[in-house]
Amino acid sequence: MCLAAMRTITYNPEIPAVEMIDQRQLPAKLKLIQLNDLEQVIDAIKDMAVRGAPAIGITAAFGLALAGRVSGADTFSTWEADIRNAAKRLMDARPTAVNLRWAINRILGIIASMEGVAIGAAQNQVDQYTQMMADEDVEINRRMAQYGAALLKHHASVIHHCNTGALAAVDYGTALGVIRYAHESGKTIHVLVDETRPRLQGSRLTAWELEQYGINYDIIVDSAAGFFLQRQEVDAVLVGADRIAANGDVVNKIGTYPLALAAKASSVPFYCVAPHSTFDLEIAEGKDIPIEERAVSEVTSLQLHDRKVTPEGASARNPAFDLTPNHLITTFVTEFGLIHPPYKENIPSTFQEANS
Ligand code: MRU
């Protein structure tokens, strides 16, 4: 199995099952897991077998298709009720990435337009629609990658936070997709990989992906980013997002905000790469975006030389995301092109134009 030749999440209606790379096992093992019911899909999202905003969205869509397949309903209205219940449960699996809600609402929209369709036909339509969403995700990432790669010069050194690669999407990725495309088009890129505590998406997942693509990198502890920025050893910072408010405030993996502050202080461009599905135009400012706080055991159970790094019973806090204010973002890279400030005007107008 090789990452470059596969999708990280797939759905097979014939089994029926959702299949995905179990990201908890990486980098030690590239292992696929098969999820056969809604419960397993919800657990996979909560426990981060699958993570990353676009990946969570498509997993939820596949989860609804699966719920529709395994439903024992014998009328359309009970089948629809089963899907709506599944949607409610999935919606709560993780609160911050808006792609989850976006994907679920798309499926509910399709079902709402199906009144009177036989259950078998309705199941087929949902299955096909979710496959189309997965294809679209890959296509969108490739478009963003091309727009973003134009911002990177040959021999660029970049900092990347968290994991935004193929693992965080169906394939190719967002911010890491930009780096990958620049590399594939012949530019030499060096990546400083933030390790991204506490779940280490950087050192476990991003470094593993970069190994697969043959891109040069060095892992750094999160707190070293300012050091390299201050010394002007970095040409750009690239991140993804979990939710972006209408004014361009970005909620992304914890540690993004201090990284953006350090980039600003060192006059290094800070690029946020995200598809339209990550923009939440119903939220005016980032302060209203819900921030997930995860189990403190993610912080306290860390080990060094086989020993816990915290005292027994230690108290901790574990916010999974932080808010980067819009004035710290140099440019957004989307599938509709680049968005520059002023974001309050340019974000809504970009998406209005794209929809017209
Ligand atoms: O907690 P995670 O690993 O799901 O957080 C992921 C991130 O913060 C990513 O940067 C974001 O989802 C963009 S992924 C293309």
Per the helix-only calculation at 222 nm, which mean residue ellipticity applies to the chain, given -39500 (n - 2.57) for every DSSP H run of n ≥ 4 and division by its residues, nearest 500 deg cm²/dmol?
-12000 deg cm²/dmol
Quick one: if you stick a label point 7 Å off each Cα along the C-beta vector at PHE227 and HIS327, how many nm between them?
3.0
Cβ-Cβ FRET estimate between ILE15 and ASN105, R0 fixed at 25 Å, reported to 0.05:
0.45
Using a Debye calculation, one point per C-alpha and no hydration shell, please list log10 I(q)/I(0) for the chain at q = 0.12, 0.13 Å⁻¹ in order.
-0.85, -1.00
Test of understanding: in a Gaussian network model of the chain with alpha carbons linked when under 10 Å, which of ASP171, ASP280, ASP92 would top the mean-square fluctuation ranking?
ASP92
Sequence of TRP208, TRP102 once ranked by neighbouring C-beta atoms within 10 Å, starting from the fewest:
TRP208, TRP102
Expressed as a rounded percentage, what relative contact order does region 239-313 have, with Cα pairs under 8 Å and six or more residues apart?
34
Let me make sure I get this right: for region 1-70, a, b and c are the square roots of the gyration tensor eigenvalues over alpha carbons, sorted descending. Under 1.5 in a/c it's rounded, otherwise prolate if a/b > b/c, else oblate. Which is it?
prolate
Given a cut-off of under 8 Å on Cα pairs at least six residues apart, what relative contact order in percent is computed for the chain?
15
Under 21 Å between C-alpha atoms, the lysine pairs in the chain lying 8 or more places apart or on different chains count 11
Ranked ILE159, ILE219, criterion: other C-beta atoms within 10 Å, fewest first:
ILE219, ILE159
Can you give the angle from 0 to 90° between the axis of helix 256-265 and the longest principal axis of the chain, with both taken from C-alpha atoms, to the nearest 10?
30
Quick one: helix 99-112 against the long Cα principal axis of the chain, what's the angle to the nearest 10°, folded into 0 to 90?
20
Most exposed first by the Cβ proxy, i.e. fewest other Cβ within 10 Å, how do PHE351, PHE62 rank?
PHE351, PHE62
Taking Cα atoms, how many degrees apart are the long axis of helix 53-70 and the longest axis of the chain, rounded to 10 and kept between 0 and 90?
20
Relative contact order (percent) for region 49-103, with alpha-carbon contacts under 8 angstrom and 6 or more residues of separation?
54
Kirkwood calc, region 111-226, C-alpha pairs only, radius in angstrom 15.7
Under the Karplus relation with 6.51, -1.76 and 1.60 and θ = phi - 60°, whole-Hz ³J(HN,Hα) for region 201-214, x at Gly and Pro, equal 4, x, 6, 7, 9, 5, 4, 5, 4, 4, 4, 5, 8, x
If R0 = 51 Å, then ALA118 and GLU345, at their Cβ-Cβ distance, give a FRET efficiency to the nearest 0.05 of 0.60
Point-to-point label distance, ARG142-ALA73, nm (Cα→Cβ direction, 7 Å offset):
3.5
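Laboratory data are not the source of any read-out in this text; all were calculated from the coordinates shown. Since we're looking at a predicted model, the values are computed, not measured. Cβ coordinates were reconstructed from backbone atoms using ideal geometry, including for glycine residues, and neighbour counts include every protein chain displayed.
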